[in-house]
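Down below is the structure, laid out as structure tokens.
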Amino acid sequence: MPLTLSSIAIEEKNRLATDSVWLVALEIVLPGVADPVRIVGTNEDVTWRGETWTAFPFEIEEIADAAKSESPRVDVRVGNVSRVMEAYLAAYDAWTKQYGYAPVEVLIYVLNSANLASPTPEVEHVFELKQPRTDSRWATFTLGASNPFNRRFPQHRILRSSCRYAFKGTLCGYAGAETACNKTLTRCRELGNSERFGGAPGVGYGGLVLV
């Protein structure tokens, strides 16, 4: 489908000579990492949306339209000579082991240097991380679109004896020294946190109720 570009980008594209450049930026949102990783494929840092996007080497395969109702996939290779990306992935892995799985979101933006005052990118793609791998040169992210059929419906289930909250998450609220919880009311009472228990001991057995 045709791309919708800003009027500034169209004007710059149609000039016979211009000093503006097209920029490709990545925003990698990793659960457990306080700030997203923001990098741009150029030789100097760029300020956009009030944030500094760090000049960093990366390569992106061509993003083609999917055929036969397949979920589109693309490989992104980010420089890993300094092992910076490997450190981010290690922090994410430690977080998922403690709080459970949450997807890594990777946003690909195409910008024009003459239009950085606008918070709207010229092109935007949103992917989820399907498979990471690293070596001495590259951290490779195999990305794919999120599949709505993989999402739980209904989103929340009310269970009698099992807490639905992530341990030490915002809804759980436990801030003590313990590092493990089996999600039962008994354990929640042992931790002195039963008032935040995410189950519903009062519900009856049998039947299915959607709320």
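Numbers for the structure displayed
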{"quantity": "Estimated dipole of the stretch 1-137 in Debye, rounded to 20 [Cβ of Lys and Arg +1, of Asp and Glu -1, Cα centre]", "calculated": "300"}
{"quantity": "Calculated FRET value between HIS125 and ALA175, using beta carbons and R₀ = 35 Å, to 0.05", "calculated": "0.40"}
{"quantity": "Spacing of the two label points (7 Å from each Cα toward its C-beta) at ILE10 and ALA102, in nm", "calculated": "4.0"}
{"quantity": "Accessible carbon and sulfur surface of the stretch 22-145 relative to its total accessible area, %, 1.4 Å", "calculated": "48"}
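The values are calculated or read from the model by the stated rules, or taken from the named source; none is laboratory data. Note that the structure is predicted; figures quoted are calculated from it, not measured. Every residue, glycine among them, receives a Cβ derived from its backbone with ideal geometry; neighbour counts consider all protein chains shown. The area values use the complete protein model at the heavy-atom level, side chains included, leaving out ligands, DNA and RNA. Shrake-Rupley method; radii C 1.70, N 1.55, O 1.52, S 1.80 Å.
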